[in-house]
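Data first, discussion second: the structure below is written as structure tokens.
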Amino acid sequence: MTLEEQLAAIKRGAGDVFPEEELVEKLKRSLAEKRPLRVKLGVDPTATDLHLGHMVPLLKLKTFQDLGHQAVLIIGDYTAMLGDPSGRNKARPQLTHEQVMANCRTYEEQAFKILDRSRTEVVFNGSWFSKMEFTDVIALLSRMTLARMLEREDFANRYKNEVPIGLHELVYPLMQGYDSAMIRADVELGGMDQKFNILVGRDIQREIGQEPQVGICVPILLGTDGVEKMSKSLGNYIGIQDSPAQMYGKTMSIPDELMDMYFELLTEVPGSELEEIRTGLAAGTLHPRDVKRRLAREIVGRFHGPQAAREAEKEFDLVFVKGELPEDMPELAIGSESIWIVELLRLAGFAASNGEARRLIQGGGVRIDGEQVDDADLDWVPKDGAVLQVGKRRFIKVVLK
């Protein structure tokens with residue numbers, strides 16, 4: 001690709017490129033010298049399941065990879081033990097190294113749904129932090145002042161409101177910046193909340209004689225509610241491990257005003273087509289429902305393949321357009337004796353606790369064979385083939401042992 005074509009691909013959906021003129025110079029040099037840029041993305045495996053919000057910077061890393069540059073995925077097995085304080089109003093719970101490494105296995109598996117494993121350099125930052133002596137830690141800490149650290153909005157707000165800030169949290173940006181120096185990053189990717197950390201990396205690189213990295217921050221993806229950022233704890237997420245039908249259905253539930261963001265950040269639909277979609281929606285020549293169906297097919301197809309996308313759309317139409325049940329439902333085998341409805345929801349995997357199960361029932365989201373369950377104290381007598389439904393998209397068939 002030419003310089004202009006590379007820039008257009010890189011800047012698509014990028015919220016901030018800093019400094020952009022340095023990126024242009026790096027790309028010019030890369031083309032002239034036929035030397036790929038080293039593009040870094042650091043990820044902290046603090047949980048096992050990823051959602052589409054986690055995919056946005058990974059997709060930007062794939063863009064660089066597709067352009068022929070070297071993707072460097074840093075697995076933060078040591079930074080994850082501290083927890084990134086970016087955008088937080090309180091300290092994250094600390095994890096053990098064993099917990100982090102357990103999360104790594106599923107994290108990598110999901111990340112390589114996007115990245116080409118054979119062309120990705122994977123590095124654990126414990127490979128250098130585990131070898132540091134205390135004098136090395138002091139030397140790293142000496143590169144930052146408390147005044148500079150408190151320039152961060154999240155730290156400044158916590159300090160002003162007398163919310164405790166752990167000293168270990170102050171170390172995090174330095175660790176992330178040190179990662180950049182250790183792998184000699186030309187470019188670092190991250191969410192919009194990572195700008196401070198990326199700038200620290202530039203400072204450290206400059207101090208030790210390296211050419212500073214360019215930072216590229218991508219927008220924080222809003223969840224299916226259209227209000228809060230995508231989060232599993234808020235329940236407004238679309239999971240990478242969701243089935244094609246779940247992924248399709250959840251995408252169809254997003255507010256219309258989110259479609260443009262999802263198209264730009266999560267799909268490979270060309271920019272010229274996106275402009276036509278925007279124009280058609282504004283003029284009323286395109287129906288939002290049809291555009292959203294295209295979006296759902298694009299997203300499911302990207303993570304599960306085109307055939308899975310077609311089948312998910314067919315199932316969606318059966319359930320939500322024609323009012324029929326899904327053709328392929330998971331089954332739950334139980335005995336014939338009566339069972340507390342709350343326990344049934346937990347056994348089905350629809351609720352992680354009794355409290356969550358009660359809230360689902362109280363919210364009117366639980367049905368058995370189409371009939372709403374209103375009583376959280378119900379002792380239900382199982383019926384072979386009965387369909388338990390939670391919300392609009394979760395079904396399970398009860399079979400008697």
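Only the coordinates and a few stated rules stand behind these numbers; no lab work does. Predicted, not measured: the structure shown is a model, and the values here were computed from it. Note: ideal-geometry Cβ built from the backbone for every residue, glycine included; neighbour counts use all protein chains shown.
Using only Cα atoms, find the angle between the long axis of helix 306-316 and the longest principal axis of the chain, and express it within 0 to 90 degrees, rounded to the nearest 10.
40 degrees
Grab the DSSP H runs of the chain that are 4 residues or longer, score each as -39,500 (n - 2.57), total them, divide by all residues and round the 222 nm result to the nearest 500 deg cm²/dmol. Display every interim value, and only then the final one.
Details: 18 runs with 185 residues, N = 401.
Computed ellipticity for the chain at 222 nm equals -13500 deg cm²/dmol.
Regarding segment 355-401, what whole-number volume in Å³ per residue does the convex hull of its Cα atoms give?
Per-residue hull volume (Cα only) is 83 Å³.
Largest first and in whole Å, give the semi-axes of segment 152-245's equivalent ellipsoid, each being the square root of 5 times a Cα gyration tensor eigenvalue.
Details: eigenvalues 171, 86, 25 Å².
Square roots of five times the eigenvalues give 29, 21, 11 Å.
Using a cut-off of 24 Å between alpha-carbon atoms, which lysines can reach K322, once sequence neighbours fewer than 8 places away in the same chain are excluded?
K250, K292, K314, K392, K397
Please report, in Å, the Rg and the Dmax of segment 77-229, where both are computed over Cα atoms only.
16.3, 48
Dividing the alpha-carbon Rg of segment 244-321 by 2.2 N^0.38 Å yields what? Display every interim value, and only then the final one.
On the way: Rg = 12.1 Å, N = 78, 2.2 N^0.38 = 11.5 Å.
Taking N as the residue count of segment 244-321, the ratio is 1.05.
Using per-residue counts of other Cβ atoms within 10 Å, averaged over each peptide, order 363-373, 250-260, 167-177 from highest down. Mind dumping the intermediate values first?
On the way: 363-373: 14.3, 250-260: 17.5, 167-177: 20.5.
Descending mean neighbour count gives 167-177, 250-260, 363-373.
Given the C-alpha atoms of segment 100-172, compute the convex hull and give its volume per residue in Å³. Provide the component values of the computation, followed by the final result.
Working: hull volume 12.1 nm³, N = 73.
With only Cα atoms used, segment 100-172 gives 165 Å³ per residue.
When the Kirkwood hydrodynamic radius is evaluated over all pairs of different C-alpha atoms of segment 305-401, what value in angstrom, to one decimal, is obtained?
Working: mean 1/r = 0.0709 Å⁻¹.
Roughly 14.1 Å, rounded to one decimal.
What order do you get for 128-140, 96-108 when each peptide is scored by the mean count of other beta carbon atoms within 10 Å, highest first?
Numbers: 128-140: 12.2, 96-108: 15.7.
Going by the mean number of other Cβ atoms within 10 Å, highest first, we get 96-108, 128-140.
For segment 203-332, report the convex hull volume of the alpha-carbon atoms normalised per residue, in Å³, without decimals.
181 Å³
In a shell of Cβ-Cβ distance under 15 Å around F196, excluding F196 itself, what net charge do Lys and Arg (+1) and Asp and Glu (-1) give? Present the calculation step by step, with values, prior to reporting the outcome.
Values: positive: R88, R143, R148, R152, R158, K195, R202; negative: D16, D84, E151, E153, D154, E169, D179, E188, D193, D203.
That works out to -3.
Kindly express, to the nearest 10 degrees and within the range 0 to 90, the angle between helix 167-183's C-alpha long axis and the longest C-alpha principal axis of the chain.
So the inclination is approximately 70 degrees.
List, largest first, the extents of the alpha carbons of the chain along their principal axes, each in whole Å.
On the principal axes, the chain reaches 72, 51, 41 Å in Cα extent.
Work through the residues other than D374 whose Cβ is under 15 Å from its Cβ and net out their charges, Lys, Arg +1 and Asp, Glu -1. Numbers along the way, then the final one.
On the way: positive: R358, R359, R367; negative: D369, E371, D375, D377, D379.
Here the charged neighbours net out to -2.
Below 8 Å, C-alpha to C-alpha, sequence gap of six or more: please give me the relative contact order for segment 244-321 in percent.
Details: 63 pairs, mean separation 35.5, N = 78.
It comes to 46 percent, rounded to a whole number.
In a shell of Cβ-Cβ distance under 12 Å around L222, excluding L222 itself, what net charge do Lys and Arg (+1) and Asp and Glu (-1) give? Let's see the in-between values first.
Working: positive: K229; negative: D225, E228, E257, D260.
My count for the surroundings of L222 gives -3.
Could you work out the relative contact order of the chain, using alpha carbon pairs under 8 angstrom and six or more residues apart, expressed as a whole percent?
On the way: 625 pairs, mean separation 57.7, N = 401.
Reported as a whole number, the value is 14 percent.
What is the distance, in nm, between label points placed 7 Å from the Cα along the Cα-to-Cβ direction at A91 and at E324?
My value for the distance between the label points is 5.7 nm.
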